[in-house]
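A short worksheet on the structure shown next.
The values are calculated or read from the model by the stated rules, or taken from the named source; none is laboratory data. Not measured: the values here are computed from a predicted model. So basically every Cβ, Gly included, is an ideal-geometry build from the backbone, and we count neighbours across all protein chains shown. Heavy atoms of the whole protein, side chains included, go into the accessibility calculation; ligands, DNA and RNA do not. Shrake-Rupley method; radii C 1.70, N 1.55, O 1.52, S 1.80 Å.
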Amino acid sequence: NAQAYVPRKDMQAEVAADIRNIFNAPNRSKAEEFLREAITKYQKTASKLADWMENNIPEGLTIFSFPAAHQRLIRTTNGLERLNREIKRRTRVVSIFPNEGACLRLVSAILMETSDEWEVGRLYLNLEAR
C-alpha cells in the first residue's frame, strides 16, 4: 500500500527496500529505529508517504512479539497464496459448475483436505519451540 503514496516512480524501489529493512530488523527496537529514520528521510520529499508510514507501519511491528522462527511464516502470505493456487488448479478441471453449491462443495472439500494435512502431517508452526 505504501507505493500509492510514493510521488515518483524512481523512488519505488528505494521505499520498498526501506520498508523491507524495517521488517527484517533483528528486533522491535531496531525496527522502530529504522522506521523513525525512514519517516525523517521522506518527510520533505514525500510527506504523504511519511505520514502513511507513521500511521500504518507500527501495526505491523507486532510481529516482533512472536518467536523469531515464526515471524516470517506469520508475516508473509505464502501459505495462503499456495492454497489459492491449489483451489484454482482443482476448479479449472471442472471448468463449468452446474450451480453455486457444487463449487462450494468442491472448494470446501479442498479446504478440509488441506486442514487435515496440516493437522496430522505437515507442521507449519512448532509452538513447542519457543
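Observations, loosely collected:
- Against the chain, whose longest principal axis comes from its Cα atoms, helix 12-23 is set at around 80 degrees.
- Residue among Tyr5, Ala69, Leu106 farthest towards the positive dipole end of the chain, charges placed on Cβ: Tyr5
- Probe 1.4 Å, all protein chains present, accessible-area order of Thr114, Thr40, largest first: Thr40, Thr114
- Note on exposure: Tyr5, Tyr42 ranked by accessible area (1.4 Å probe, complete protein assembly) read Tyr5, Tyr42, with the most exposed listed first.
- Lysine pairs in the chain with Cα atoms under 27 Å, if 8 or more residues apart or on separate chains: 6
- Using a cutoff of 8 angstrom between alpha carbon atoms and counting only pairs six or more residues apart, the relative contact order for the chain works out to 16 percent.
- When restricted to Cα atoms, segment 77-120 yields an Rg and a Dmax of 11.2, 33 Å, respectively.
- Stokes-Einstein translational diffusion, the chain - Kirkwood Rh over all Cα pairs, 0.890 mPa s, 25 °C, in µm²/s: 137 µm²/s
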